[in-house]
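The values are calculated or read from the model by the stated rules, or taken from the named source; none is laboratory data. Computed from a prediction, not measured in an experiment: that's the story for all the values here. Please note: Cβ atoms are built from the backbone with ideal geometry, for glycine as well, and neighbour counts cover all protein chains shown. Accessible surface areas use protein heavy atoms only, side chains included; no ligands, DNA or RNA. Shrake-Rupley method; radii C 1.70, N 1.55, O 1.52, S 1.80 Å.
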Amino acid sequence: MIAYDLKCQNGHTFEGWFKDAKAFKKQLKSCLIGCPVCDDTQVTRVPSTFAIKGSPTQSSDAPPQLNPEAMAQAIAHYVDKNFDNVGADFAEEALKIHYGVNEPRNIRGVSTPQEEETLRKEGVAFVKFPVPAENTPSDSGTEN
């Protein structure tokens, strides 16, 4: 695995993890890499701040900090827009893609702990994260 620091045309910086440099270039060329904040697919690699030693100074052009809830909403929006929802068939569809029965594509859905263990044993890479609830008038954060 390789991690790159990326930046969209709107100035948002984010990190991307890829199998290797070739996979990164292929996904970049196919516009499969998008900013989790604004969905912009015109991204570039930027030098990693982790690898650059510098003096601690305050930068006036630092991007605004997002709160965790806003970031979770942005990620959920990106996944909703860019991944096919296969529902409870997630494990079955992931295995079909893994073994070349179905064309590769981004999928999302739900799985049981047993299905997740099968996916791990078969070498299928997947990421689990909770989907934040949509803000509706009934869950606006106020208590009755």
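General remarks:
The rows are residues; the columns are (1) under 25 Å from F24 (Cβ atoms); (2) at pLDDT below 90; (3) in a helix (DSSP H, G or I).
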position	(1), (2), (3)
S48	yes, yes, no
S55	no, yes, no
A70	no, yes, yes
Y78	yes, yes, yes
A91	no, no, yes
V124	yes, no, no
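- Subset of segment 103-121 (residues that are loosely packed, with under 14 Cβ neighbours inside 10 Å and over 18 Å from the mean Cα position of the chain (by Cα)): E103, T112, P113, Q114, E117, R120, K121
- Residues in segment 73-102 that are polar (S, T, N, Q) and surrounded by fewer than 16 Cβ atoms within 10 Å (Cβ to Cβ): N82, N85, N102.
- Among the residues of segment 14-24, not a single one is in a loop (DSSP other than H, G, I, E, B), of a type in the set (K, R), modelled with pLDDT under 85 and open to solvent by 30 Å² or more (accessible area, probe 1.4 Å).
- Of all residues in segment 69-96, those being at positive phi and aromatic (F, W, Y) number 0.
- A count restricted to segment 25-46 and to residues that are open to solvent by 60 Å² or more (accessible area, probe 1.4 Å) and not in a loop (DSSP other than H, G, I, E, B) stands at 6.
- Failed item, numbered, when P63 is tested on (1) closer than 24 Å to F126 by Cα; (2) at pLDDT below 90; (3) surrounded by 12 or more Cβ atoms within 10 Å (Cβ to Cβ): (1)
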